[in-house]
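To keep things clear, I will list the structure first and then write my remarks on it.
The values are calculated or read from the model by the stated rules, or taken from the named source; none is laboratory data. Not measured: the values here are computed from a predicted model. Because the Cβ atoms are built from the backbone with ideal geometry, glycine has one as well, and the counts that use them run over all protein chains shown.
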Amino acid sequence: MSDNLFGIHAKTLQVRALRMDVLASNIANAATPNYKARDIDFSKALALAERGQSAESAISYRVPLQPSLDGNTVEMVTEQTAFAENALAYRSSLAFLNGRIGTLSRALKGE
Amino acid sequence: MSMANSLSLFDISGRAMAAQLVRLNTTASNLANAGSVSGSEAGAYRAMKPVFRTIMGEAGTATVAVDQVTQANSTPTKRHDPSHPLADKDGNVWEAAVDSATELVEMVETARQYQNNVQVLSTAKGLISETLRLGQ
């Protein structure tokens, strides 16, 4: 019942939160030699989450535009853009959920 | 590397900030000692550099720690200055092996990366509070 009421947004929030952790890890390791930046294939991770599986296999290494000498593949512009996009998408899901909860509570109150 | 542990976003960015702070302190020490003079080559100050290491967590997460702070492989500059109070019997002194320009660049980069982690934390904090207010 609740899955139908809230659609895929609960799973979406989970995957968005995981992606936020992965991107934060990249930003945290911006100066660590040989660190390889990673990201999540969002649609793949969401499909896995919907089937109740771990999103781990949707994580892969980023291909750097310009590899650095110390083997680190974090490119700050890429990471910051992805982080901002992911945060906005998370917030969108929250807005959808809030809308749905508002509709439901108005219906329950008979407004 | 130990077993994969569970890292929250607060662990990830918080520990990264701590590591960047060590880096900033090292840079400050290097800059403070730039231009200092010693009476022997062995006694001269050599720039220090932190060694960062990735701490792996579960599901693609990772944070960073300072493994150790090492002395950079640089040689102090020998200067012939017999009038210097610290000069050795040949009239030489050694200047600290610190390149101020490199240190300043390092300082700016450290500040930027520290700031990025602060930004990540504050965005995450905002999103978590919004999630808690869901439906209110």
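Summary table
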{"item": "Verdict on A:Gly110 being farther than 30 Å from B:Val22 by Cβ, more than 10 Å from chain B (Cβ to nearest Cβ) and touching a residue at least 60 places away in the same chain (Cβ under 8 Å)", "result": "no"}
{"item": "Yes/no for A:Thr103 being more than 25 Å from the chain's Cα centre (by Cα) and among the hydroxyl-bearing types (Ser, Thr, Tyr)", "result": "yes"}
{"item": "Which listed residue, of A:Arg19, A:Arg91, A:Arg51, is over 23 Å from B:Asp67 (Cβ atoms), exposed (fewer than 13 other Cβ atoms within 10 Å of the Cβ) and of a type in the set (Lys, Arg)", "result": "A:Arg51"}
{"item": "Out of A:Leu65, A:Leu48, sole residue that is part of a loop (DSSP other than H, G, I, E, B) and either more than 10 Å from chain B (Cβ to nearest Cβ) or at pLDDT below 90 (or both)", "result": "A:Leu65"}
{"item": "Test for B:Phe52: is it within 14 Å of chain A (Cβ to nearest Cβ) and farther than 26 Å from A:Tyr90 by Cβ", "result": "yes"}
{"item": "Selection within region B:57-80 - assigned to a loop (DSSP other than H, G, I, E, B) and either at pLDDT 90 or above or among the aromatic types (Phe, Trp, Tyr) (or both)", "result": "B:Thr61"}
{"item": "Residue identified as among the polar types (S, T, N, Q) and part of a loop (DSSP other than H, G, I, E, B) among A:Thr78, A:Thr103, A:Thr73", "result": "A:Thr73"}
{"item": "Number of positions in region A:1-45 that are under 27 Å from B:Gln115 (Cβ atoms), in a helix (DSSP H, G or I) and aromatic (Phe, Trp, Tyr)", "result": "1"}
{"item": "Residue within region B:34-46 that is within 14 Å of another protein chain (Cβ to nearest Cβ) and either in a helix (DSSP H, G or I) or more than 15 Å from A:Ala28 (Cβ to Cβ) (or both) present", "result": "no"}
{"item": "Region A:29-42 - residue that is within 17 Å of the chain's Cα centre (by Cα) and aliphatic (A, V, I, L, M) and, of those, farthest from the other protein chains (Cβ to nearest Cβ)", "result": "A:Ala37"}
{"item": "Region B:61-101: number of residues that are farther than 30 Å from A:Ser57 by Cβ, buried (at least 16 other Cβ atoms within 10 Å of the Cβ) and not hydrophobic (A, V, I, L, M, F, W, C)", "result": "3"}
{"item": "Filter result (more than 10 Å from chain A (Cβ to nearest Cβ) and either more than 30 Å from B:Asn73 (Cα to Cα) or of a type in the set (S, T, N, Q) (or both)) within region B:86-136", "result": "B:Asn92, B:Ser100, B:Thr102, B:Gln115, B:Val118, B:Ser122, B:Lys125, B:Ser129, B:Leu132"}
{"item": "Among (1) within 29 Å of B:Arg112 (Cα to Cα); (2) modelled with pLDDT under 90 - the single one A:Glu111 does not satisfy", "result": "(1)"}
{"item": "Residues of region B:1-58 classified as polar (S, T, N, Q) and under 25 Å from B:Thr102 (Cα atoms), total", "result": "11"}
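Here is a yes/no grid of residues against (1) part of a strand (DSSP E or B); (2) without any contact (Cβ under 8 Å) to a residue 40 or more places away in the chain; (3) more than 24 Å from B:Phe10 (Cα to Cα); (4) touching a Cys at 6+ places or on another chain (Cβ under 7 Å):
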{"residue": "B:Pro50", "(1), (2), (3), (4)": "yes, yes, no, no"}
{"residue": "B:Ile55", "(1), (2), (3), (4)": "yes, no, no, no"}
{"residue": "B:Ala87", "(1), (2), (3), (4)": "no, no, yes, no"}
{"residue": "B:Leu134", "(1), (2), (3), (4)": "no, yes, no, no"}
